[in-house]
Structure formats: C-alpha cells, structure tokens
C-alpha cells in the first residue's frame, strides 16, 4: 500500500474589486482579465453595466480568487494600477515613518495617474502626483495628501500603506475625443512628421497651456537652436530643462559659429574648432554667469540669450561628463531633481528634444495627464521612455532640427 503524502491545504483567498470608466474603449477590461488569468488567479463577474452614451461610464464588479497570498497580492497591485478599487468603502491605512527617509515596508508606491485616498468617508485627491513616490497624509486635514520622494519623508509622516482606501484614476479613451489617436503613445515615422508637427502646433498655439521644453545639445548640432529661440521669444515655451551641454554648445554657436567644432553654416570642421566649446565656457566664467554675458552684450542671440532676455525659468542639470561646468549648472543631483520638479509643476505639454536620459527622468516626474512629445532620430529612445511607464508619450522619429524648423514655421507664419 502506497503511503498517503501529507498535504497542507492552501488558504482560499478572495477579494471583490470594482472598476469604472470607459473600460471597453480604453481596453482596460481586457487588461484586467489578462492580469488575473496570466498571474494565476480566477474571477467571477458580479456586475457589468455597459455605458451607452459618451458621458456614461461602464461599471464592473468582479470577485477575484486565488490560493496563494503572494500571487493574490501581486494581482491586486497590478489591478490597482489599472484603476480597480479594492475594499472600496474602507478608510485608507496610515502608518508613521520610522525615521527620516524611511517608510513602513508595506508602503503604497504611486503611479503617474491621478489618485485619491479615502479619509473620513470621502475620497480626497492626492496632489503632486508622480510615479515611484509615497503618499503622505496630514491627519489634521490642514493640507491635502501629497506625494513625496523617499528622501523627503520625515520621521512621523503618516504614510499610506497597502491598497485599502486607495483609488487610481487612469486616463480613458473618450468616445468623442477625435485627437486621441494622436495621443495614444504611437511612434510616428518620417511619413507622419508634418502631420505630427501640425497637431503639436495646434496644441501649443493656445498660450494658456504651460509648455516645458527638455532639450539636448543635438538641437544645436542640427541647427535647431535658432528656431527654439524663436519659440521662446514668442511665448510658446514657459520653462527650459537641459544639461550643461545644451548651454555650452548654444553659446559656442553664437560666439564662434560652430558646434563641437563644426561650422554650422557649411557643416565642415574648423581648424582648432574642437576647443571652441572650452572657449565658450571660459567666456561665461570670465563674465561670472550666462546672465552677465548677456548683460555685457557679448551673448546676443541663441537659446540661452532668449531665456534670459524673456525671463524664462531654466535649469541646467550637471553630469559626470560635463566640461566646466558653467556657473549656472546645478551639480547636486538631488537639488537638480527638485528644481526640475518645481518647473514641471502645472505643465500641460512637455517637448522632449533628443535627450534620452533627461527625457526618462522628466517622464518619471510627470502625472499621466501631461502630454509629452518625444522627438528623436532614434525610435529606441521613445520605446525606452514608454517602457519605463510614460505611456502618454507621443514619439516623432525625425531630425530634431527639422522638427523645430517646421514647428516654428507653423506657429510663427502668421
């Protein structure tokens, strides 16, 4: 007789989740089903009311079951990021931070979607939404819940933990939103560049929209800095985020007519031109700052001249590669991150011009409602940005100088 193996029955776990919105049009319902099944769970549909007008949401309730607590937790985390509500009527769980920069181990990690937490029977919006942060709640109710980076958490801050009482509000495809196909995260090819530029121009022509530009030095190398300066001068750009290199080569171009030693008018190398960017840095350091170089009349054109003349806020974030750096370059990375975040606050559109690392960094700081337009000759840059969670990105694969020239012509031709 064969011995009967000892078996320990796994606990049967179940949770009821609720989802609401344009679930079918946005493909969210399919994603919800895929998460549950692919991760090893099961579901039973308890309610499914389909919205029958543009303004009417579809509402769904599902019972999710699983035999493994770890798998169940994984499923619930993924469903929460899709906007599913768990333990919908229960108050959010708060725990104190044990020390500065440290949070409880079951902290809730934020997405870039609009988020609400349940306090005293009401859903309250969380401010300063960004991905990879934690939610801090003022229990006295004097300030709204806010997202903080880990390093900014103070001992005793009340941290949202778990998924109870947290509601994520992902973007939906609106049935009557005719331009959503343009904003759906696709990568535009060369054939679509003019169409994409026209639509970007239509969006930022409304000067009530706050437009932030994140640019790399390629904008100068490709001859696009003149057009970028025009956009700044005419009020279409409201903040500039870049590294040391953009400013250095922009100033080099306007003092010596070269970028990385290449004559911008002929495309030919200039004898001893490789030292021109160092000459530009030296001139700024002699004057004391870029602003002083403009004030004394030495720097009379270009992107940096435009932001200073028209009082546009800018931040140059340093890196290990920087020559100089320029006096205005912020070499403390935590400080640079904080300044970037401040300048991105309230942005409606972010133009990302041929700078992969800065674009990824900025994408991680933005709520999903912000339209980002990523322009690069390399489609892998757009793919990397989307893979890291910035699904609201529009990719335009083209030379950034051509893009800026077309955009400036479209906006300024009147």
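The values are calculated or read from the model by the stated rules, or taken from the named source; none is laboratory data. Note that the structure is a prediction, hence the values are computed from the model and not measured. Neighbour counts run over all protein chains shown; Cβ positions are idealised from the backbone, glycine included.
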Checklist entry - Going through segment 199-208 one residue at a time, which ones are touching a helix residue (DSSP H, G or I) at 6+ places or on another chain (Cβ under 7 Å) and surrounded by fewer than 17 Cβ atoms within 10 Å (Cβ to Cβ)? => result 205
Checklist entry - Can you find a residue in segment 257-277 that is within 32 Å of the chain's Cα centre (by Cα) and within 30 Å of residue 394 (Cβ to Cβ)? => result yes
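Results for (1) free of Cβ contacts under 8 Å to residues at least 24 places away in the same chain; (2) part of a strand (DSSP E or B); (3) assigned by TED's automatic domain parsing to the domain that holds residue 342; (4) over 23 Å from residue 361 (Cα atoms), shown as yes or no for each residue.
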{"position": "76", "(1), (2), (3), (4)": "no, no, no, yes"}
{"position": "105", "(1), (2), (3), (4)": "yes, no, no, yes"}
{"position": "109", "(1), (2), (3), (4)": "no, no, no, no"}
{"position": "112", "(1), (2), (3), (4)": "no, no, no, no"}
{"position": "132", "(1), (2), (3), (4)": "no, no, no, no"}
{"position": "160", "(1), (2), (3), (4)": "no, yes, no, yes"}
Checklist outcome for this item: Of the residues in segment 78-100, those that are outside any loop (DSSP other than H, G, I, E, B) and surrounded by 16 or more Cβ atoms within 10 Å (Cβ to Cβ) come to 78, 79, 80, 81, 85, 86, 93, 94, 95
Item to check | Odd one out for residue 209, checked against (1) assigned to a helix (DSSP H, G or I); (2) closer than 11 Å to residue 349 by Cα | outcome: (1)
Checklist entry - Here is a list of conditions, (1) assigned to a helix (DSSP H, G or I); (2) out of contact with any helix residue (DSSP H, G or I) (no Cβ under 9 Å at 6 or more places or on another chain), and residue 293 meets all of them except one; can you say which number that is? => result (2)
Checklist entry - residue 295 passes all but one of (1) closer than 20 Å to residue 330 by Cα; (2) more than 33 Å from the chain's Cα centre (by Cα); which number fails? => result (1)
Checklist entry - Quick check: is even one residue across segment 274-285 in the same structural domain as residue 242 (by TED's automatic domain parsing), in contact with a strand residue (DSSP E or B) (Cβ under 6 Å, 6 or more places away or on another chain) and modelled with pLDDT under 95? => result yes
Next on the checklist: I'd like to verify a number: residues in segment 36-49 that are over 15 Å from residue 78 (Cα atoms) and either exposed (fewer than 12 other Cβ atoms within 10 Å of the Cβ) or outside the structural domain of residue 80 (by TED's automatic domain parsing) (or both), how many?
Outcome noted: 3
Checklist outcome for this item: Screening 20, 56 for residues that are at pLDDT below 90 and closer than 20 Å to residue 163 by Cα leaves only 20
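From the list 243, 223, exactly one residue is modelled with pLDDT under 95 and within 32 Å of the chain's Cα centre (by Cα). Which is it? Please lay out each step first, then the result.
Numbers: 243 fails: modelled with pLDDT under 95.
Answer to the selection: 223.
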Checklist entry - Only one of (1) in contact with a strand residue (DSSP E or B) (Cβ under 9 Å, 6 or more places away or on another chain); (2) more than 22 Å from residue 280 (Cα to Cα); (3) in a helix (DSSP H, G or I) is not met by residue 202, so which one is it? => result (1)
